[in-house]
1. What's the number of the condition I39 fails, among (1) of a type in the set (A, V, I, L, M, F, W, C); (2) at pLDDT below 95; (3) within 13 Å of L11 (Cβ to Cβ)?
2. Looking at (1) acidic (D, E); (2) assigned to a helix (DSSP H, G or I); (3) open to solvent by 90 Å² or more (accessible area, probe 1.4 Å), which is the only condition E13 fails?
3. Limited to the range 16-54, what total is found for residues that are more than 22 Å from L69 (Cβ to Cβ), surrounded by 13 or more Cβ atoms within 10 Å (Cβ to Cβ) and β-branched (V, I, T)?
4. Out of I23, I28, which single residue is under 30 Å from K4 (Cβ atoms), of a type in the set (A, V, I, L, M, F, W, C) and either assigned to a helix (DSSP H, G or I) or modelled with pLDDT under 95 (or both)?
5. Does G64 count as in a loop (DSSP other than H, G, I, E, B) and over 20 Å from M1 (Cβ atoms)?
Amino acid sequence: MRNKEDIKWMLEEALVRRNEWKIWLEEIRNESSSSRKQIAEAVRTFNAMNGVVKTLQWVLEFPGIEHPLN
């Protein structure tokens, strides 16, 4: 089982990665040379990272975070 510090570190990493995917998504949406496949992958990964962040926040009992499956 992971300790609380490990989970906090994972949350920090997830926030950084989510932000990187958000920036990438915004960049490729503005490029005319971007393919639908690239955009779809960026959207999928960004949404997945949102789920990771929410789950880690739920595990750490952040206030206002509902069950991650809802």
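The values are calculated or read from the model by the stated rules, or taken from the named source; none is laboratory data. Predicted, not measured: the structure shown is a model, and the values here were computed from it. Neighbour counts are summed over all protein chains in view; Cβ atoms, including those assigned to glycine, are modelled from backbone coordinates with ideal geometry. Only protein heavy atoms, including side chains, enter the accessible area calculation; ligands, DNA and RNA are left aside. Shrake-Rupley method; radii C 1.70, N 1.55, O 1.52, S 1.80 Å.
1. Of everything listed in (1) of a type in the set (A, V, I, L, M, F, W, C); (2) at pLDDT below 95; (3) within 13 Å of L11 (Cβ to Cβ), I39 misses just condition (3).
2. (3)
3. Here the count works out to 2.
4. I23
5. So G64 passes the test.
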